[in-house]
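Beneath this line is the structure, given in structure tokens, with notes to follow.
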Amino acid sequence: MKFILEAEQRLFGETLHELLVKAETPAVIRTWAAGTAEPGLALWRSLAEAGVFAVAVPEAFDGAGPLPVELVTAFHELGRHAVPGPYAETVAAAVLLDRLGDRELADAWLPGIAAGTAVASLALPAAVPYGLDADVAGLVLVADGDELRGAVPGEARTSLDPARRLFSLTPGTVLASGPEVRAAARAAYDMGALACAAQLVGLGRRLLEITVGYATARRQFGRPIGEFQAVKHHLANALVGLEYARPLVHGAALASGSPTFARDVSAAKAAASEAAYATAKIALQVHGAIGYTDEYDPSLWIRKVRALYSAWGSPGDHRARVISSLGGDERTGT
């Protein structure tokens, strides 16, 4: 299956890529990880002006969406540049607020999300147990069962990626209750997982580009290491994995609103996690010890891949959901 973006969608992705190249994201990532948020928030506002959040917010609330293919295009670029911040969480919160049907809550927050003036952090126990970057979010939510509550960030937790700052959350005031909360939370989870899958494909593609460049320049025994058959096979395997994952992500975006959307999202997230993780391992093997040093930029991508591998559901979680949706048994595969 092959998906080809329309001209406007390609232009959207290219515009974001150019913006992020100029932003020099490695420096932004490092300052974000150190607890200095302003460079990252300035980038957040620039990306919002380019339409990153508007594609997730309905037109009734000053957005341009929902446009799931454009959202996947945007998050591919966010992953390609390893942009820090609760982007998937904010998009998921926008979906939750829209699906909830509470006009007052939607009016209060969705226009700000579309404009980039509102940053959101969202926890969905137990699938998304912590609030990502909750200390910089103006809207912190916990959806648990039939209750949606505002929350206060508590203790910071150690993350595999220092630029993904996780916080335990203390639930506070009940903002909404009833079965509609559970349904809205399911929709938010699906969109968060789809956004995360797109990020992973972007991360993987960038790591592959970096690694091919390194293998072309690095020489051993008088030859570029990329000429060695074992290295070629590793890089080819990484490309194949990413090329299989990419159409699953776009296919899930096209299925938005259909009865198969949740299943398709899970198939995409499982494939994207595995493909990006395999690429990160190959990148580390080809680079050697330099690949995990703090000073070397590819380490920022490698760490983010490992963190997003299980964020918004592990590959095992999503494979189980696919099997369940097909009426099978996870234990036997039938």
Per the 1/(1 + (r/R0)^6) rule, R0 = 41 Å and r from the Cβ atoms of Glu243 and Asp146, FRET efficiency to 0.05 is 0.50
Once each part is reduced to its C-alpha centroid, what is the distance from region 6-41 to region 155-188 in angstrom?
25 Å
At a Förster distance of 25 Å, what's the computed FRET efficiency of Lys22 paired with Asp107, Cβ-Cβ distance as r, to 0.05?
0.15
So how many Lys-Lys pairs in the chain land under 22 Å Cα to Cα, not counting same-chain pairs under 8 apart?
6
Taking all protein chains as present, what is the carbon and sulfur share of the accessible area of region 166-291, in % to the nearest whole number, probe 1.4 Å?
59 percent
So, counting K/R as plus one and D/E as minus one, what does the shell of residues with Cβ under 13 Å around Trp44 add up to?
-3
Helical mean residue ellipticity (222 nm; -39500 (n - 2.57) per DSSP H run of 4+; nearest 500) of the chain
-19500 deg cm²/dmol
Can you give me the % of accessible surface on region 20-94 that is carbon or sulfur? Probe 1.4 Å, all protein chains present, nothing else counted.
55 percent
With every protein chain kept in place and ligands, DNA and RNA left out, what is the accessible area per residue of the chain? Probe 1.4 Å, answer in Å².
44 Å²
Cα Rg, Dmax (largest Cα-Cα span) when computed across the chain, Å
19.6, 68
Pulled fully out, how much extra length does the chain show between Glu180 and Thr31, if you take 0.36 nm times their separation in residues and subtract their Cα-Cα distance?
49.7 nm
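The values are calculated or read from the model by the stated rules, or taken from the named source; none is laboratory data. Worth saying up front: this structure is predicted, and the values here are computed from it rather than measured. When we count neighbours, we look across all protein chains shown, and the Cβ atoms used for this are built from the backbone with ideal geometry, even at glycine. For the accessible areas, the whole protein counts, side chains as well, though only heavy atoms, and no ligand, DNA or RNA atoms are used. Shrake-Rupley method; radii C 1.70, N 1.55, O 1.52, S 1.80 Å.
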